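Note sheet for the following structure.
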Amino acid sequence: MQGTERMNLFEGHGNREAKIRYLDGDFQILSPGSYVVCAMTGKNIPLDELRYWSVARQEPYADVISAIEADKRAGVLPNQRR
């Protein structure tokens with residue numbers, strides 16, 4: 001990312017959905033926007049509030065409950081039968 005774009009990461013991109021690549025402990029903005037949509041609830045998540053996502057499924061979640069429910073659905077929790 002270049003200087004000015006990075007300084008305005010969450011500003012000036014209007015009210016549109018960002019396209020994100022979810023990484024371990026971080027994410028990369030592929031297409032600027034002000035929010036992403038929770039894969040479980042459909043709620044808009046402002047980028048500055050994005051805390052939960054799946055690297056494997058490349059999905060964002062609005063909160064920890066949504067993230068756990070997504071893991072349950074995917075069958076990836078410990079001691080969970082598939």
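Each reported figure results from applying straightforward, stated rules to the coordinates on display, with no laboratory input. Because the structure is a prediction, the values reported are computed rather than measured. Neighbour counts run over all protein chains shown; Cβ positions are idealised from the backbone, glycine included.
For the stretch 12-57, take the convex hull of the Cα atoms, compute a quarter of its surface area, and give me that in nm², please.
Averaging across all directions leaves 3.2 nm² for the Cα convex hull.
Working out 0.36 nm times the residue gap between residue 68 and residue 30, then minus their Cα-Cα distance, what length gain in nm do you get to one decimal?
That works out to 11.1 nm of additional length.
Simple spin-label model, 7 Å along Cα-to-Cβ: residue 19 to residue 43 in nm?
Between residue 19 and residue 43, the simple spin-label model gives 2.7 nm.
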